[in-house]
Amino acid sequence: MNGIVLLSLTVILLVTFVSTARYPYQQVLQHSRIRGRQHGPNVCAVQKVSGTNKQYYANCKQWYQRKICGKSTIISYECCPGYEKVPGEKGCPAALPLSNIYETLGIVGAATTQLYSDRANLRPEIEGPGSFTIFAPSNEAWAALPAEILDALVSNVNIELLNALRYHMVDRRLLTDELRHGITIPSMYQNLDIHVHHYPNGIVTVNCARLIKADHHATNGVVHVIDKVITAVTNNIAEVVDTEDNLETLKAALAASGLNTLLETEDKQYTLLAPTDEAFKKIPEETLTRILGDPEALKDLLHHHILRSAQCSEAIIAGSSMETLEGSSLEVGCLGEELTLNGKAIISKKDILATNGVVHFIDELLIPDAAKTLTELGKDSDVSVAIDLFRQAGLDSHLVNERVTVIAPHNNVFKDGTPRIDRGLSNLLQNHIIKDQLSSKYLYHGQVLETVGGKKLRVFVYRNALCIENSCIDAHDKKGRYGTLFVVDKLLTPPTGNVMDVLKADNQFSMLVAAIQSAGLTETLNREGAFTVFAPTDEAFRALPRGELNKLLGNTKELSNLLKYHIADEILVNGGVSQLVRLKSLQGEKLEASSKNNTLQVNKVPVSQGDIMATNGVIHAINTMLQTPAKTQERGDELSDSGLEIIRQAAAYSKISQRSARLAPANSKLVPRRRQ
């Protein structure tokens, strides 16, 4: 009980403290304070990345995952910024002594910056009166500089070292709550700007260097320790690209698309994922030539390489989805020291800062769906088998540069084997190509779509499904340069006639056809409409007791009433049933459709063959006659004369149906009949 109360109080304190922090850095720092409270006052929880010297204050997500960039972290507890331990006391109860900036550099672990300030004759200024902010590179940051650069700066006491240090300084106090995302601050070196980014995960960067120890007060200013030595930025993104030798193809593409103007603008910040010349060479020549020669596809390609905000690598500690100018998203993450895009470590050079954003070099071209043909879109995807079938059937020309929508069955549909291409399958596949580029979110119930094969397909909208004839869309659209892919759960069956035509063409319904005609329902099922027929097979009729069948077939009114109970006045396909669905029958009573183990049921009677499509409805075969709610059973031993006549008619229809294969569903010979 006490543990529950303590946990509740901790949660309340955490929510209270974090909600009072105005900016992400303060929120994360306060979260770390809450995590460290049990170790004493002013103790913060710190996540240290195993095998490195990197450490972070922990936000909620990273705390529970215990990982940074895929690497495990160790939780340690240290004094929060501005505090120190006192021997014999718990936690960090004492505030750090307040000294000038020069002395504070030594206190916070920036001894190398302190040393170089002395050598460059900057010490008198940062010891004396004034109000300054210094972004002080850590000792490790100085050591990481290339030897030739470091030697040029510090081998002699010269103006270069002083200029470099003054570029790290601002002539006023700036705490992290003033370091807002996207601002620029004039430095003390020729007023050249320092570029600040304050990210939602609490990380703050200046010129893409991370603040690793922030907000250390001094008598004459503030010290922030950063993890890199920063240099002045003068070029915009377009100029960065123009000065690089291995971005020649990108330069030409940007010029052809007119995007140079966008990358020169200073009023917005972007991240350019710049594909190198080697990245372009990895693309098949035919594909690259097509895209470079198509202004719309080229624009989509280049926009897909531009993120809508500046993203420094130091601010990425876990994968997150980022939107591109093209409108789709990229998963930008990290694995150890490497940045990743969609899980692949393809960034070869990172954090080239520009006045209007950041450039990262990538070794692979990122082709968005919007720049691909349907063939390219479907290749190596979950509809690759269907795309190959279209190719084998000679229909791939429709998939290259025509405005079409392809209804593509998922690869799982063909798990038992790929059908052989013949005339029938080719005709069927033509009716999986719609003569327009559509989006599923604009489809509506009752809409009619025309295929390149000349068929009319209907759209059915259900509570939890969107279907075209008997095929239901089971994934998001894949929109390409000209066409769109609808991923569906089965090969669709275009209707081949009305309900009566379809029943007559199938000899399993011979007794039903005779019964419908005897009951006077032929005209009803011949007319335009929207019917769902739960059609009793001959087996269902024969399963009835002899006396009941005798009475039923001898009584036209009762027969009509029973048959109407098997017919609903709306169309319900198998994929539209994810929960109990109640349908009004022509008889007036409700039918209950449900799905169990992927098998459609009506009134708990399983459907033996579902989704037999007709122009005015759908037929589901059942091997058990449905009983109307008020049904009473009377048994007899012999059939009446009218009953015998219906049986004789059924035999005749059975023979006729064997000669009517032309009315059978188009794919009945292509794939085995599905039992549902």
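The values are calculated or read from the model by the stated rules, or taken from the named source; none is laboratory data. What you see is a predicted model; the values in this text were computed from it and never measured. Don't worry about glycine lacking a Cβ; one is built from the backbone with ideal geometry, like all the others, and counts go over all protein chains shown. Heads up: the accessible areas ignore ligands, DNA and RNA and are worked out on the full protein's heavy atoms, side chains in. Shrake-Rupley method; radii C 1.70, N 1.55, O 1.52, S 1.80 Å.
Quick notes
- The lone exception for residue 338 - which of (1) over 17 Å from residue 322 (Cα atoms); (2) modelled with pLDDT of 95 or more; (3) of a type outside the set (Val, Ile, Thr) it fails: (2)
- Of all residues in the range 20-30, at least one satisfies being at pLDDT below 90 and of a type outside the set (Ser, Thr, Tyr).
- Where a residue in the range 134-153 is over 19 Å from residue 123 (Cβ atoms) and of a type in the set (S, T, N, Q) and its partner, wherever it lies, is open to solvent by less than 60 Å² (accessible area, probe 1.4 Å) and in a helix (DSSP H, G or I), with Cβ under 6 Å and at least six apart: none
- Residue list for the range 428-487, restricted to those being among the basic types (Lys, Arg), part of a loop (DSSP other than H, G, I, E, B) and buried (at least 20 other Cβ atoms within 10 Å of the Cβ): 455, 481
- Applying the criterion of at least 3 residues that are without any contact (Cβ under 8 Å) to a residue 60 or more places away in the chain, in contact with a Ser or Thr (Cβ under 6 Å, 6 or more places away or on another chain) and open to solvent by less than 30 Å² (accessible area, probe 1.4 Å) to the strands (runs of 3 or more DSSP E) found wholly in the range 523-613 leaves an empty list.
- Matching entry among 136, 141 (being in a helix (DSSP H, G or I) and within 30 Å of residue 320 (Cα to Cα)): 141
- Considered as a group, the residues in the range 57-89 that are closer than 30 Å to residue 333 by Cα and aliphatic (A, V, I, L, M) include one that is most open to solvent (accessible area, probe 1.4 Å), and that residue is 74.
- Matching residues, the range 357-375, being charged (D, E, K, R) and either farther than 19 Å from residue 488 by Cα or open to solvent by less than 50 Å² (accessible area, probe 1.4 Å) (or both): 363, 364, 372
- Selection of first residues in the range 53-82 that are touching a residue at least 40 places away in the same chain (Cβ under 8 Å) and over 22 Å from residue 199 (Cα atoms) and of second residues that are open to solvent by less than 30 Å² (accessible area, probe 1.4 Å) and among the aromatic types (Phe, Trp, Tyr), restricted to Cβ pairs under 7 Å at least 6 apart or on distinct chains, gives an empty result.
- Boolean, residue 175 is in contact with a strand residue (DSSP E or B) (Cβ under 8 Å, 6 or more places away or on another chain), among the aliphatic types (A, V, I, L, M) and open to solvent by 40 Å² or more (accessible area, probe 1.4 Å): yes
- Among the residues of the range 140-151, the ones that are surrounded by fewer than 16 Cβ atoms within 10 Å (Cβ to Cβ) and either closer than 19 Å to residue 208 by Cβ or at pLDDT 95 or above (or both) come to 5 in all.
- On inspection, residue 340 qualifies as among the polar types (S, T, N, Q), closer than 30 Å to residue 57 by Cβ and within 20 Å of the chain's Cα centre (by Cα).
- Test: residue 416 is of a type in the set (D, E, K, R) and open to solvent by 80 Å² or more (accessible area, probe 1.4 Å): yes
- Within the range 178-202, if we keep just the residues that are of a type in the set (D, E, K, R) and either in contact (Cβ under 8 Å) with a residue 60 or more places away in the chain or within 19 Å of residue 56 (Cβ to Cβ) (or both), the residue that is most open to solvent (accessible area, probe 1.4 Å) turns out to be 180.
- Evaluation of residue 101 against (1) open to solvent by 20 Å² or more (accessible area, probe 1.4 Å); (2) within 23 Å of residue 138 (Cβ to Cβ); (3) modelled with pLDDT of 95 or more; (4) in contact with a Gly (Cβ under 9 Å, 6 or more places away or on another chain) (one fails), failing number: (1)
- Of the criteria (1) closer than 18 Å to residue 227 by Cβ; (2) in contact with a strand residue (DSSP E or B) (Cβ under 6 Å, 6 or more places away or on another chain), which one residue 131 fails: (1)
- The set of residues in the range 149-185 being among the small types (Gly, Ala, Ser) and not in a helix (DSSP H, G or I) consists of 155, 182.
- Failed item, numbered, when residue 379 is tested on (1) free of Cβ contacts under 8 Å to residues at least 12 places away in the same chain; (2) within 14 Å of residue 273 (Cα to Cα): (2)
- Any hit, the range 491-504, residues being part of a strand (DSSP E or B) and in contact with a strand residue (DSSP E or B) (Cβ under 8 Å, 6 or more places away or on another chain): no
- Per the listing 343, 327, the residue uniquely closer than 28 Å to residue 67 by Cα and open to solvent by 10 Å² or more (accessible area, probe 1.4 Å) is 343.
- Count of the range 30-42 residues, restricted to those that are of a type outside the set (D, E, K, R) and open to solvent by 30 Å² or more (accessible area, probe 1.4 Å), is 5.
- Test for residue 265: is it β-branched (Val, Ile, Thr), in contact with a helix residue (DSSP H, G or I) (Cβ under 7 Å, 6 or more places away or on another chain) and either open to solvent by less than 70 Å² (accessible area, probe 1.4 Å) or under 17 Å from residue 365 (Cα atoms) (or both): no
- Qualifying residues in the range 279-323 (those that are in contact with a strand residue (DSSP E or B) (Cβ under 9 Å, 6 or more places away or on another chain) and surrounded by fewer than 18 Cβ atoms within 10 Å (Cβ to Cβ)) - the one nearest to residue 373 (Cα to Cα): 323
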